[in-house]
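Take a look at the structure set out below.
The values are calculated or read from the model by the stated rules, or taken from the named source; none is laboratory data. Bear in mind that the values here come from a model prediction, so they are computed numbers and not experimental data. All Cβ positions, glycine included, derive from the backbone under ideal geometry; neighbour counts span all protein chains shown.
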Amino acid sequence: MHVDHDHTGLPHEHPHEHAHTHEHTHDGVTHTHEHVHEHTHGHEHPHTHDHIHAEGAEHTHSHECAGACGSCQSQCEHTPKEELMALMKYMVGHNAAHAKELADLAAKLDQTGDHTAYEQVMAAVSDFEKGNMRLSVVLTSMEHE
Amino acid sequence: MCLSTVYKNKLAPETVMMKNVMRIECKDGVVILTDLMERQMAVEGTLEMANLVDGVAVIKEAAV
């Protein structure tokens, strides 16, 4: 997640301004005043990312890596188990969303007058949720290992 | 909806660029892939195909 700019997170260029102070001489009188110039050179923004770690907790921390996450080896490296757990956590949430979609579909079937189909789909939703609950329990136990 | 596998130029096992892709951004001729672990990969090219049912996408790499 980038908190300061809406960009890709990668090194990039866009116009931006810097305040400068210049010394000028007018009519034999030297004085200093501030100018604001537009620059278009490349630059880096410190930024933050959300991460899911082994404990399943999402958190945000700052990087000074110019957004090149592939090059970040220190804070962003995850073990295979961490990745599997992140994937599993995603799937549990994803399955819950699918279960809701199926329940909505069942309700529409009921509205069409097909109550038998509604009951069958809702039974499937129940089975689906039981399976997902089992996954969730496994995930929780893994998080506490 | 689901995570995808992204391939380069053609859909074949040896051309897998990134798995578990959760976001694909196309900007200024660059396709930026982000996976579930927030790792990013950028490639110059275009999104040629995305099959959201099968969870696959193909990036056509720009000619050098």
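Conditions (1) exposed (fewer than 13 other Cβ atoms within 10 Å of the Cβ); (2) hydroxyl-bearing (Ser, Thr, Tyr); (3) more than 30 Å from A:MET85 (Cα to Cα), marked per residue:
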| site | (1), (2), (3) |
| --- | --- |
| A:ASP104 | yes, no, no |
| A:THR116 | yes, yes, yes |
| A:ALA124 | no, no, no |
| A:ASN132 | no, no, no |
| A:LEU139 | no, no, no |
| A:GLU143 | no, no, no |
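Residues checked against (1) away from every other protein chain (no Cβ under 12 Å); (2) in a strand (DSSP E or B); (3) surrounded by fewer than 12 Cβ atoms within 10 Å (Cβ to Cβ):
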residue: B:TYR7; (1), (2), (3): yes, yes, no
residue: B:MET22; (1), (2), (3): no, yes, no
residue: B:ALA42; (1), (2), (3): no, yes, no
residue: B:LYS60; (1), (2), (3): yes, yes, no
residue: B:ALA63; (1), (2), (3): yes, no, yes
Taking the range A:90-145, which residues are in a helix (DSSP H, G or I) and of a type in the set (Asp, Glu)? A:GLU101, A:ASP104, A:ASP110, A:GLU119, A:ASP127, A:GLU129, A:GLU143
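What is the residue count in the range B:44-58 for residues that are surrounded by fewer than 13 Cβ atoms within 10 Å (Cβ to Cβ) and within 14 Å of chain A (Cβ to nearest Cβ)?
2
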If we ask which residues in the range A:68-85 are modelled with pLDDT of 90 or more and under 15 Å from B:MET18 (Cβ atoms), their number turns out to be 1
Do you know which of the residues in the range B:25-40 that are over 20 Å from A:MET91 (Cβ atoms) and surrounded by 14 or more Cβ atoms within 10 Å (Cβ to Cβ) is farthest from the other protein chains (Cβ to nearest Cβ)? B:VAL31
